Amino acid sequence: MPAAGAPEGQGLSIDTSILSVGFREHDLCTRCGTCGAVCPTLAVSAGRNGFPLLDESKCISCGLCGKTCPGSRVSFPELSCSAFGNAGSAADFLGHASRFLAVHSTDTEVRAGAASGGAVTELLLFMLETGRIDGAVVTGMDPTDPTRAMTFIARTREQILRARQSRYIISPVNQALRGIRKTQDRLACVCLPCQVHGIRKWMAAEPAIRDRIACIIGLFCVTTLDSPVIRELLAARGISPESVDEIRFREGGWPGRICAFMKDGAVVPLHHSNFKDGAINYLTRLYSPVRCRMCPDGTAEFADISVGDAWMRGREGYTHPAMSVVLVRTQAGAKLVDDAVEAGRIVAHEVPAEAVRRAFMTFEKNKKKSAVLRAARRARSGKPAVGLEGDFPECGITDRLRERGASLVHLLGAAPRVRVALLRMLLSGFMAPLVALRRRLKRAPAE
Ligand SMILES: Cc1cc2nc3c(=O)[nH]c(=O)nc-3n(C[C@H](O)[C@H](O)[C@H](O)COP(=O)(O)OP(=O)(O)OC[C@H]3O[C@@H](n4cnc5c(N)ncnc54)[C@H](O)[C@@H]3O)c2cc1C
Ligand code: SF4
Ligand code: SF4
Ligand code: SF4
């Protein structure tokens, strides 16, 4: 088997232009795993860092991986046609949604261990227990390596429960659908927006796949974090990965914090304060992969339902703490939510779309504006850039300055020594009062 998976199509003797982009350009690869799922000859696998690897001897040059790859081209009209049967619009970061809900599971066990309100886990359990699905594509941590995520098909309550919580690191999720054609399984998939794009493209290219995917639950995603993040967080705390049993990203009361569960039974928080105030703000700046910085979809616009944290705020702070915000997008998604409410599995409160919009304005700035500007700027300067198609909003001078500023910070993050030095500073005792001050200011009236 020739060595492959390296950028620029290195080592491949077949025409790389028919293949998905990850074989020739890592900067454009979301590591979604779609190429590994669609390949009819199982020629594609996922490498340790999530990028695809090709066994050239098995490739029949059918071009399906290139056709379904969401890496180098994201066409909102095409994705919208695949999901909703019309060309839609790329302008609104909330996408096409018929209802906006704040949701929590009624099962205290599910809710306690979940990322926000346990909506995702409860809906998966409901679908499994009522025979709507045979299994669910979920992402837990790799039991053999506490720094890596691992996606698998959960077929029991215990397996779905084990995958509760978010892992803010890369896993080539769609790769788990490899072999789906050979079974009669109907599956639910829990996916990040780019992974939803891959599945929708696959459904458009191969309509039979529509019958096999019963439900796509999309997660909101501002970015994922690149692979060194856990090792560098542990190193900054003086912890060796070998002494860690498991990393949990949302441990303790909502919103939780990133903690290392040590082999000796100790639980060590890896940052100040909670995950929202003390970690994610700077980790997303230092560890955002290049491809994520050109990603125009924050709310999984083409899923059946999309789920995020209920970050909506009012005068007294969060209005729906420890709940999931759910955007209902398709008829299948609406029926699932209605049936789960009727069965008493979830509680769902209607929330005004405007409150959700205010809470997630970062998606307007980072996704619909900065990402689109950045992709265009990279294309102009001859760097690998994602082709983004759709009626994205107009950008003004403030948007351009913000994009430049964010790109400068990303540059710092790209230099490992600078990144590690900044991380150590942000985790030091010196930062604790600043994080506490930020929290106090946030508790002040939001409006
Ligand atoms: C990388 C990433 C970025 C996110 N960014 C945001 C954000 O910017 N704003 C926001 O509001 N919410 C974001 N979320 C979603 C949020 O963290 C919660 O997943 C969401 O609120 C659902 O909570 P829940 O309690 O309903 O889910 P739970 O019931 O806890 O279930 C979580 C589900 O997420 C799946 N999952 C975990 N990690 C991954 C992964 N890496 N890839 C795919 N699936 C995974 C698990 O399979 C599980 O089924 C992000 C999630 C991830 C994984
Ligand atoms: S399908 Fe996904 S994993 Fe494969 S090359 Fe494209 S973006 Fe990368
Ligand atoms: S066989 Fe088809 S899908 Fe598989 S790697 Fe080759 S071109 Fe891609
Ligand atoms: S930011 Fe976009 S490309 Fe990156 S993981 Fe999230 S959905 Fe995928």
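Bear in mind that the values in this text are calculations on the coordinates, not laboratory data. Since this is a predicted model, take the numbers as computed values, not measurements. Note that we place each Cβ from the backbone using ideal geometry, even for glycine, and neighbour counts take in every protein chain shown.
When the residues of region 49-61 are narrowed to those that are within 14 Å of ligand 2 (Cβ to nearest atom) and surrounded by fewer than 24 Cβ atoms within 10 Å (Cβ to Cβ), which ends up farthest from Thr223 (Cα to Cα)? Only one residue tops the list, namely Cys59. Scoring Leu233 on the criteria (1) within 16 Å of ligand 4 (Cβ to nearest atom); (2) out of contact with any Lys or Arg (no Cβ under 9 Å at 6 or more places or on another chain); (3) of a type outside the set (Phe, Trp, Tyr) leaves a single failure, condition (1).
Scanning region 232-286 for residues that are of a type in the set (Ser, Thr, Tyr) and touching a residue at least 60 places away in the same chain (Cβ under 8 Å) yields Ser273, Tyr282, Thr284.
Taking each residue of region 374-392 that is buried (at least 19 other Cβ atoms within 10 Å of the Cβ) and looking for partners that are of a type in the set (Phe, Trp, Tyr) with beta-carbon atoms closer than 9 Å, six or more apart or interchain, yields Leu388/Phe76; Gly390/Phe76; Phe392/Phe76. Of the residues that make up region 335-348, is at least one touching a residue at least 40 places away in the same chain (Cβ under 8 Å) and within 24 Å of Ala91 (Cβ to Cβ)? For region 335-348, residues touching a residue at least 40 places away in the same chain (Cβ under 8 Å) and within 24 Å of Ala91 (Cβ to Cβ): absent. Select, from Gln175, Gln195, the only residue that is within 16 Å of ligand 4 (Cβ to nearest atom), assigned to a helix (DSSP H, G or I), of a type in the set (S, T, N, Q) and within 14 Å of the chain's Cα centre (by Cα). It is Gln195. Among residues that are in contact with a helix residue (DSSP H, G or I) (Cβ under 8 Å, 6 or more places away or on another chain), near ligand 2 (Cβ under 10 Å from one of its atoms) and either part of a loop (DSSP other than H, G, I, E, B) or within 23 Å of Tyr287 (Cα to Cα) (or both), Gly71 is included. Filtering Ile280, Ile305, Ile258 for residues that are touching a strand residue (DSSP E or B) at 6+ places or on another chain (Cβ under 6 Å) and closer than 30 Å to Ser428 by Cα leaves a single hit, Ile258.
Residue selection: Ile209 satisfies the criterion of being assigned to a helix (DSSP H, G or I), β-branched (Val, Ile, Thr) and touching a residue at least 12 places away in the same chain (Cβ under 8 Å). Just one residue in the set Val337, Val347 is part of a strand (DSSP E or B), hydrophobic (A, V, I, L, M, F, W, C) and surrounded by fewer than 24 Cβ atoms within 10 Å (Cβ to Cβ); that residue is Val347. Pick from Thr223, Thr299: which is closer than 19 Å to Met141 by Cα, part of a loop (DSSP other than H, G, I, E, B), within 14 Å of ligand 1 (Cβ to nearest atom) and β-branched (Val, Ile, Thr)? One residue alone meets the criteria, Thr223.
Here is a check on your reading of the model: is Asp245 within 25 Å of Glu109 (Cβ to Cβ), of a type in the set (D, E, K, R) and more than 16 Å from ligand 1 (Cβ to nearest atom)? Yes, satisfied.
Yes or no, residue by residue, for (1) aromatic (Phe, Trp, Tyr); (2) away from ligand 2 (no atom under 16 Å from the Cβ); (3) farther than 18 Å from Ser116 by Cα:
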{"site": "Arg162", "(1), (2), (3)": "no, yes, no"}
{"site": "Thr183", "(1), (2), (3)": "no, yes, yes"}
{"site": "Ile199", "(1), (2), (3)": "no, no, yes"}
{"site": "Arg210", "(1), (2), (3)": "no, yes, yes"}
{"site": "Ala214", "(1), (2), (3)": "no, yes, yes"}
{"site": "Cys221", "(1), (2), (3)": "no, no, no"}
{"site": "Glu232", "(1), (2), (3)": "no, yes, yes"}
{"site": "Ile258", "(1), (2), (3)": "no, yes, no"}
